[in-house]
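Report on the structure given below.
The values are calculated or read from the model by the stated rules, or taken from the named source; none is laboratory data. On a predicted model such as this, the values are computed, not experimentally measured, just so you know. Cβ sites come from the backbone with ideal geometry, for glycine too, and all protein chains shown count toward neighbours. What goes into the accessible areas is simple: the full protein's heavy atoms, side chains included, and nothing from ligands, DNA or RNA. Shrake-Rupley method; radii C 1.70, N 1.55, O 1.52, S 1.80 Å.
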Amino acid sequence: MAGMEVVAVACDDHGNIDIADLKAKALAHAPKLAALMVTYPSTHGVFEEGIREICAIVHAQGGQVYMDGANMNAMVGLARPGEIGADVLHLNLHKTFCIPHGGGGPGMGPIGVAKHLAPYLPGHPLVGGVGGSKAIGPVSAAPWGSSSILPISWAYIAMMGGQGLTQASKIAILNANYIAARLKGAFDVLYTGSHGRVAHECILDLRHIHEISVVDVAKRLMDYGFHAPTMSWPVAGTLMVEPTESESVHELDRFIDALLAIRAEIEDIRQGRADATDNPLKNAPHTLGSVTADEWTHAYSRSQAAWPAPGLRQAKQWPTVRRVDDAFGDRNLVCSCPPWGEDEA
Ligand SMILES: *Cc1c(COP(=O)(O)O)cnc(C)c1O
């Protein structure tokens, strides 16, 4: 943190930055104000309309704006962070520029800065030609970081071209809005902009449905052949769906149809047509072993457990294990080694 302190800024009811609060805090801390760290479009999945004003408030008190570029896939080709007011922005290449996410390997997040900061870009004591004229010391052992990853992003950018990248941003935004629109009435989208639209992701609010939990929906999605989207982040009890530009409308429809079918299953529980505890949501996911067992004691049928949507008969992905208590499992290490028995003795 280089000796800096974090001052948290409040949010309003729509999930946007509380501009009055930001202004007051920027003023109160003006003598020591270093920077604002801001995510745009916001983590609530909205293009925050006050973003230029937000940047201007920080600049007026002598601060810099560090924009989290994680949501750049909603902006490439459409908006320039520098014009919005960002002084620094990193690009999570695995979010927007096609390199694999995770996998244990080194990541790569190139950082773009405005002209006035370019002289301070980090140098390297052993390699010339790195960094600016007033370079700070290195921030990574190798002069250009894990640069061998970069050809992947370079090739992606070269093959997509300017038009292709812009089209990808548009489709990412369109896909998220398509999902939000088709789910209207079934699930509440927590935050939208003033025109009722989202950016490249939408947060589905399940907190008012008391009969089931967000975990039940996430587990039930496995029976429909889907890995659940981000759960309980950034808001507990919600699902955050970020379809990206990569999914076809056919695949989006398959996902939406699954969510709508799950919503109908929830309604069955609410109306008393399904048992409050012995239902396909509470018992999800259903493995091949569980539905083919000789004994079936549930209040619903095997076919509802395993084949809740028509397309599943043609293509079924079987979950390999039943429900593991997520939070308990995370906190309690369970050794799966078999106990020492007679055979080993
Ligand atoms: C993904 C994400 C991050 C984390 O980025 P990683 O490079 O994956 O660690 C930070 N902020 C936001 C808004 C993100 O969406």
I need the per residue convex hull volume for the range 211-261, using only the alpha carbons, in cubic angstrom as a whole number.
77
Let me cross-check Asp257: its accessible surface, 1.4 Å probe, with only protein heavy atoms counted, in Å² to the nearest 10?
80
Could you state the angle between the C-alpha long axis of helix 19-28 and the longest principal axis of the C-alpha atoms of the chain, as a value from 0 to 90 degrees rounded to the nearest 10?
50
Convex hull around the C-alpha positions of the range 1-54: the volume in Å³ per residue is 87
Which value, in debye to the nearest 20, describes the size of the charge dipole of the range 11-90 about its Cα centre when Lys and Arg Cβ atoms bear +1, Asp and Glu Cβ atoms bear -1, and nothing else is charged?
300
Among Ala276, His200, Val217 the positive-end extreme of the charge dipole of the range 199-316 (Cβ point charges):
Ala276
Could you work out Rg/(2.2 N^0.38 Å) for the range 152-209, with Rg from alpha carbons only?
1.47
Over the heavy atoms of Arg197, what accessible area does a 1.4 Å probe trace out, to the nearest 10 Å²?
140
Leaving ligands and nucleic acids out of the surface, order Glu265, Glu83 by accessible area at 1.4 Å, largest first.
Glu83, Glu265
Using only Cα atoms and rounding to the nearest 10 degrees, what angle (0 to 90) does helix 214-223 make with the longest principal axis of the chain?
70
Take the Cα pairs of the range 8-137, get the Kirkwood Rh, then feed it into Stokes-Einstein at 4 °C and 1.567 mPa s and tell me D in µm²/s.
80
Which one of Leu89, Ala118, Thr43 has its Cα pushed farthest toward the positive end of the charge dipole of the range 20-133, where Lys and Arg give +1 and Asp and Glu give -1 at the Cβ?
Ala118
In degrees, nearest 10, the alpha-carbon axis of helix 150-182 is tilted away from the dominant principal axis of the alpha carbons of the chain by 50
Along the principal axes of its C-alpha atoms, what lengths does the chain span, in descending order and rounded to whole Å?
75, 60, 42
Considering the options Val334, Pro285, Thr320, tell which one lies farthest towards the positive end of the dipole of the range 269-345, charges being +1 on Lys and Arg and -1 on Asp and Glu at the Cβ, about the Cα centre.
Pro285
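With 17 Å as the cut-off, how large is the P(r) tail for the range 54-120, expressed as percent of Cα-Cα pairs?
It works out to 47 percent of all Cα pairs.
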Pick from Gln61, Gln271, Gln314: which is most flexible by mean-square fluctuation in a GNM of the chain where alpha carbon atoms under 10 Å apart are linked?
Gln314
May I ask for the Kirkwood hydrodynamic radius of the range 62-193, worked out over all distinct Cα pairs and given in angstroms to one decimal?
17.2
How much of the calculated P(r) for the range 124-248 lies past 23 Å, in percent of all Cα pairs?
54
Cα-based Rg / Dmax (Å) for the range 278-325:
10.5, 30
With DNA, RNA and ligands ignored, accessible area of Ser194 (1.4 Å probe; Å², nearest 10)
90
Let me know the charge dipole size of the range 27-142 about its Cα centre in debye, to the nearest 20, where only the beta-carbon of Lys, Arg (+1) and Asp, Glu (-1) is charged.
300
Size of electric dipole in the chain: Cβ of Lys, Arg +1 and of Asp, Glu -1, about Cα centre, debye, nearest 20
1000
